[in-house]
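What follows is one structure encoded as structure tokens, with my remarks underneath.
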Amino acid sequence: MSLSKEEIAKRIAKEIKDGYYVNLGIGIPTLVANYIPEDINVVLQSENGLLGMGPFPFEGEEDADLINAGKQTITTLPGSSIFDSAMSFGMIRAQKVDLTILGAMEVSENGDIANWKIPGKMVKGMGGAMDLVASAKNIIVAMQHVNKAGESKLLSACTLPLTGVKCIKKIVTELAVLNVLPEGGFQLVERAPGVSVEFIQQSTAGRLIIEGEIPEMNFD
Amino acid sequence: MINKVVSGAEEAIKDISDGATIMLGGFGLCGIPENCIDALVKKNVKNLTCISNNAGVDDFGIGLMLKQRQVKKMISSYVGENAEFERQLLSGELEVDLIPQGTLATRCLAAGYGMPAIFTPAGVGTEVAEGKEIRNFDGKDYLLEYAFDADFAIVKAWKGDAAGNLVFRSTSRNFNPVMAMAGKITIAEVEELVAVGELDPDHIHTPGIYVHRIFQGKDYEKRIEQRTVRVKS
């Protein structure tokens, strides 16, 4: 069984450690916030200028001046701080943020990522993604392993314009958890419950490295 | 004290003419200078180069200027919320320079700090790096990016005084303070213009030296792009 978006988010949440400052991108990464264990202290950074992002407001309590990087209305928490866009990217560039979680259209076996442009079709812009991937110490990508046509998005080389080079270290998809090795290659670490290694192999266009028994993901 | 108060948006933008380069504060529709955008639409100045993180939506913010074809070139990091923008871009009517968000903010900062350029790793190895100087520091590559050179910066603050001092509220701060520092002429519209002396000097985000004109705006709509709520259990 391949994972739902919520399950991908739940699996990624296990990578978050006590004391982390975390930046969550738009899409599946935003869902990760719902699964952070309550017994650890984590501060969420929103690159429009907020540390300590709280949950969505209750109906009637929305504040147009308080949004996240996805332009959603949010709340602050005790201990939150607000700053301008330059300082926000200053702390990102200076590697004060421990973990960045973002989506991708393609990732290559050497850790390149493409997630901002489809030439001739979609021109939305990179937002903060290029700054984040160029500076983050630790990046986890949440993405679909294959597109709707069943074609792999884990490639030997990206076909779309790049967002960053050699920067991705870990990927969680609907099928698997994979590490991108420093010397290149997708190392299969875990598989989704009921998904076979063979199926993951078929779904991975880039070089897949399989060593020993590959355990199923554990969500506890 | 130098009095910087003008009567309103119309007077504040009176010398913005065709071909000007203007910065506009805000992130999405949060903290945008609504009054000045309306005045620019009414004045219908053309061939503008606009530096702004986003391009508004089809019927609000900078989207209103795009609809009237007032913008020749947009310098932004993310423009995904505006269908008319995408149409003008794909048809070649609009020139667009998409740049990383941190680069955008820091190029403003550099202008306000009197520094001609910055080095940033954002965009190394991508099409953003094409034609740019690369320097290696401690084994890592960085791109040389120049400080912005804008004729006008237009920002929105929560409170301000006649001396031009500004205080921003919540995440509507975003690009506003760095753009306020970066314009040759900076125009600030504020929700509340308070008496000089009322703002605590320790709490001022933008010192008045950076601001040339200020006025109290009116009829703020403060439209919310993605109203997201949770239900009380």
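The values are calculated or read from the model by the stated rules, or taken from the named source; none is laboratory data. Computed from a predicted model, the values in this text were never measured in an experiment. Note that we place each Cβ from the backbone using ideal geometry, even for glycine, and neighbour counts take in every protein chain shown. Heads up: the accessible areas ignore ligands, DNA and RNA and are worked out on the full protein's heavy atoms, side chains in. Shrake-Rupley method; radii C 1.70, N 1.55, O 1.52, S 1.80 Å.
The condition (being open to solvent by less than 10 Å² (accessible area, probe 1.4 Å), without any contact (Cβ under 8 Å) to a residue 60 or more places away in the chain, part of a strand (DSSP E or B) and under 22 Å from B:Ser76 (Cα atoms)) is satisfied by just one residue among B:Ala157, B:Ala153: B:Ala157. Being open to solvent by less than 10 Å² (accessible area, probe 1.4 Å) and either outside any loop (DSSP other than H, G, I, E, B) or free of Cβ contacts under 8 Å to residues at least 24 places away in the same chain (or both) holds for only one residue in A:Asn23, A:Asn34, and it is A:Asn23.
Considering B:Ile16, B:Ile32, B:Ile37, the condition of being closer than 19 Å to B:Asp219 by Cα, assigned to a loop (DSSP other than H, G, I, E, B), touching a residue at least 24 places away in the same chain (Cβ under 8 Å) and open to solvent by less than 20 Å² (accessible area, probe 1.4 Å) is satisfied by B:Ile32 alone.
One residue stands out among those in segment A:105-136 that are at the interface with chain B (Cβ under 7 Å from one of its Cβ atoms) and not in a loop (DSSP other than H, G, I, E, B): the one that is modelled with the lowest pLDDT, which is A:Val123. Restricted to segment B:214-233, and to residues that are hydrophobic (A, V, I, L, M, F, W, C) and closer than 18 Å to A:Thr76 by Cα, which residue is most open to solvent (accessible area, probe 1.4 Å)? Looking at residues that are hydrophobic (A, V, I, L, M, F, W, C) and closer than 18 Å to A:Thr76 by Cα, I get B:Val231. Look at segment A:85-105: where a residue is on the phi > 0 side of the Ramachandran plot and a partner is open to solvent by 50 Å² or more (accessible area, probe 1.4 Å), sitting 6+ places away or on another chain with Cβ atoms under 8 Å, you get A:Gln95/A:Lys137. Counted as qualifying within segment B:51-146 are the helices (runs of 4 or more DSSP H) with 3 or more residues that are small (Gly, Ala, Ser) and surrounded by 23 or more Cβ atoms within 10 Å (Cβ to Cβ), namely B:101-113. Across segment A:85-104, the number of residues qualifying as more than 9 Å from chain B (Cβ to nearest Cβ) and not in a loop (DSSP other than H, G, I, E, B) comes to 6.
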